[in-house]
Structures are given as C-alpha cells and as structure tokens.
Amino acid sequence: MTVDSSAASEPRRSAAGKAGTTGSKTGTKRTTRTTSRTTTSTASRTTTRSTTKKSTDPELVQLLTPEGKRVKNAEYDSYVAGITPEELRGLYRDMVLTRRFDAEATALQRQGELGLWASLLGQEAAQIGSGRATREDDYVFPTYREHGVAWCRGVDPTNLLGMFRGVNHGGWDPNSNNFHLYTIVIGSQTLHATGYAMGIAKDGADSAVIAYFGDGASSQGDVAESFTFSAVYNAPVVFFCQNNQWAISEPTEKQTRVPLYQRAQGFGFPGVRVDGNDVLACLAVTKWALERARSGEGPTLVEAYTYRMGAHTTSDDPTKYRADEEREAWEAKDPILRLRRYLEASNHADEGFFAELEAESEALGRRVREAVRAMPDPDNFAVFENVYADGHALVDEERAQFAAYQASFADVEGV
Ligand SMILES: Cc1ncc(C[n+]2csc(CCOP(=O)(O)OP(=O)(O)O)c2C)c(N)n1
Ligand SMILES: [Mg+2]
C-alpha cells in the first residue's frame, strides 16, 4: 500500500449513536438537506439541480478544497498527518493512471472491442482514497465500477476487461488480492461482505471488510438487511457508498428523503459524509472507519459525495435526463485537478514528475489496448462448466441443445 496507516492514532470513538461530534456524522442535530430541483419541461426531461451550497446542507468532511487548499479538520487530520510528499504523488499517480485506463476502456468499447464499459470518471478520489486506506489483509467487495479500488488492490487492469469483452466470467482470483469479483446484482455484495465480516470476526482476525455500493443500491432490501445484520453482530465492515448522484437516470432524490449517511443512525452505527472528490479526506475517513471495524467497534457507513461525470455505462446517454450545467459545476470540483493544485502550490511535484506520469499513462493505454485485442475467444462450451460442482442433468441437457444449435451452422455453411 502506498500510504502508511500508522497515522491512525486518534483515540477511538465511542460506539454507535455517540459517535458524532461534528455535523457530518449521524447522531447530531443537523437539519436535513432540502433539495432544490427544478424539472424542465423539455421533451428530453433533463433536470437542473441546485449546485450552490445552502445553509441547510450537511457538512462534508473535506481536507482539500476544490482550489487545492489544505483545510484543517480536528477529527480526521491525524489520519493523514504523516503523509509524505512521495505518498501524495503516489495518490495523484493512482488517480491519473486509473482515469487513463478508464478512458482507454471506453474507447475500446466504442471500437467494438468490449461489449460494455462502466466508467468511473469523476470518482477517482473516492476509490483511490478508500482503496489506499485498506490493508493487504482486508477484504473488498466491489460493484462493477470499482476500477480504482482494483488498482489499489493490485489487480492488473487488463484482468478487469475480460468480462466486459465477454471472454470470461470474472477475470481474476478474488483471493489473490482479497478483491472479490465484480457484482452486477445491485446491492447483493453488501450481504456477502457482511457475512464475510461476521466470519472473520469469529476467526478472531483483526482485518476488516469494505463493501462498495451506489446511491441507487441504497434502496435495495439487501443493503438494509446488511445494515441490520452487521449492526446486530457488530461485524467489522465498512459500507462505502459512492453517492454519484445518479442511479442510471434516477437522481438521488428518488432514493431517499434524508442524506444517505444519516440512514446509519436508524440501524445503530455511525455514518459520515465525506467529500468524495477529495482523495485525502476519503483516505482519512476510510482509515478511521476501518480502524473502528478492526478494534471491534462494528460497522460504519461512509457516504462519499461525488459525481458520475460520464454515462452510466457505454449503453447510456445522460443527455436524455440531465442538464449540462450540472456536469459543468462538478467539473470545477475535479478530484485530480485539486490534488495537482495542492502538489504544485506546496512544491511537492515538479514538471518532470507530471511529464513522466504522462508518458506512463500513454504506455498503460497501449498495454491495455494490446492486451484486450490479444484476448483469446473462450471455448463455446466453457459457459456450462463450473455451474455445479458435481454436474447437473439440466445443464447436461442445455449443453446438448447448444451443441445441436452450433451444429446447425455447419449445414448453413455447407449450402
Ligand atoms: C437487483 C438489480 N436491479 C436492477 C439492476 C439494473 N441496474 C444496473 S445498474 C443500476 C443502477 C445502480 O445505481 P447506483 O447504485 O447508484 O450505482 P452507480 O451505477 O451509480 O455506480 C440498476 C438499477 C441490477 N443490475 N440489479
Ligand atoms: Mg449512483
């Protein structure tokens, strides 16, 4: 891991319900956010949402402003206090390379090399900050968009692409990097994470589990069940919700009446809203939450407040349901730009560093492109393998039907 976790020296917080001393935690008497959203009556039904901060907005934990200014935070500073310039450059490098990889994957889909791609554009800080907060022995349960977290866990980026090309069902061994396979069934991985966390607690391990999910997933019953079980069993799990404001075409307002982090209070554990475009804040808050889990204090909900800059997937067209101004407002809060500004202002990186990184990014793009094009097509019958450990009559029947279907092409070719 790039970042030393020994800075996590702040005294442990008390258990659920007493955790909040700042406005950004649950358990405090904060007024909830009133959202101001005007729906346009255009044919495309795009929406314009207020991006100006109101006095009723819940506070974000923020350590770096969009202008790249370091701001003090009494509660979380200690978690990044020992961070070195080299580690800061490392976080920057992680975000730049992740974005480059993501752009390459999007281009590969457009060129017909991938069937689909789910871009993480805009969410680099949330993923790199939280990913770098994890320890090697922690276990990560991602959705389908956690390319930055995969990068932090040491999963080779080319391995993420096989499933999107349709040549395999996963592409990596989850136990090699303690990074579970991508999960498309929305919210279900939070249950897997909770069960896994209950298991490692029974084993007496001091590692922790982190489950990623989205604002849309927060409406799933699976997520509510995970919250209940993890709270009641005091499971060492961090629920990391990337609130990127959209669940395909549904805005967050359609998922919840309260800021998402406040949901945790009803289940009896702390929730925190962090600036999801601030890599330092995401690192600090996730370290804190993982420390709580490791020291037996149970689950935490972290809501990383961010924005999906791109389409939901390459099959989606966001211009049909949201206004350009919304995206433009979030562009000003770009996670990579703000760390660059900070690095430059504090003389932690020079032109040589940025130039080298640019070259490294291009090399990564090339490597990914070549690797995808060279991926062999799978054996047509591989899909029937590994369905049941000991085989199954129905699978045998389906395999036979498929074989007959394949054979039917031989006739056509022979005509
Ligand atoms: C159980 C289930 N229901 C519906 C879907 C279809 N679906 C795919 S992505 C998605 C939206 C998820 O939104 P969110 O949780 O906010 O994650 P994001 O895509 O924004 O990262 C939906 C409804 C699904 N994959 N699984
Ligand atoms: Mg979302």
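Coordinate-derived values only; no laboratory data. On a predicted model such as this, the values are computed, not experimentally measured, just so you know. All Cβ positions, glycine included, derive from the backbone under ideal geometry; neighbour counts span all protein chains shown.
Here are a few things to note about the model shown:
- Each Cα pair under 8 Å and six or more residues apart adds its sequence gap; the mean of these over the residue count of segment 253-323 is a relative contact order of 30 percent.
- When Rg and the Kirkwood radius Rh are both evaluated on Cα atoms of segment 159-226, their ratio Rg/Rh stands at 1.02.
- Three-way shape call for segment 5-373 based on the alpha-carbon gyration tensor, with the a/c threshold at 1.5: rounded
- Our summary gives segment 5-373 a relative contact order of 26 percent, counting only alpha carbon pairs under 8 angstrom and 6 or more residues apart.
- Relative contact order for segment 168-314: 25 percent, from Cα pairs under 8 Å spaced at least 6 residues apart, divided by residue count.
- Stretchable slack from ASN347 to GLU331, in nm (0.36 nm times residue separation minus alpha-carbon distance): 3.3 nm
- Under a model in which nothing but the beta-carbon of Lys, Arg (+1) and Asp, Glu (-1) is charged, segment 5-373 shows a dipole of about 1140 debye around its Cα centre.
- Estimated FRET transfer efficiency when R0 is 35 angstrom, pair VAL232-ALA389 (beta carbons, to 0.05): 0.65
- Debye, to nearest 20: dipole size of segment 311-391, +1 on Lys, Arg Cβ, -1 on Asp, Glu Cβ: 140 debye
- Think of segment 5-373 as having a plus end and a minus end, set by charges on the Cβ of Lys, Arg, Asp and Glu; of PHE101, ASN234, LEU343, ASN234 sits farthest toward the positive end of this dipole.
- TYR405 versus LYS320: modelled label distance in nm, points set 7 Å from Cα along the beta carbon direction: 2.7 nm
- Prolate/oblate/rounded label for segment 286-415 (Cα gyration tensor, a/c 1.5): prolate
- Placing unit charges on each Cβ (+1 for Lys and Arg, -1 for Asp and Glu) gives segment 5-373 a dipole about its Cα centre, and among GLY266, PRO174, GLY296 the Cα reaching farthest toward its positive end belongs to GLY266.
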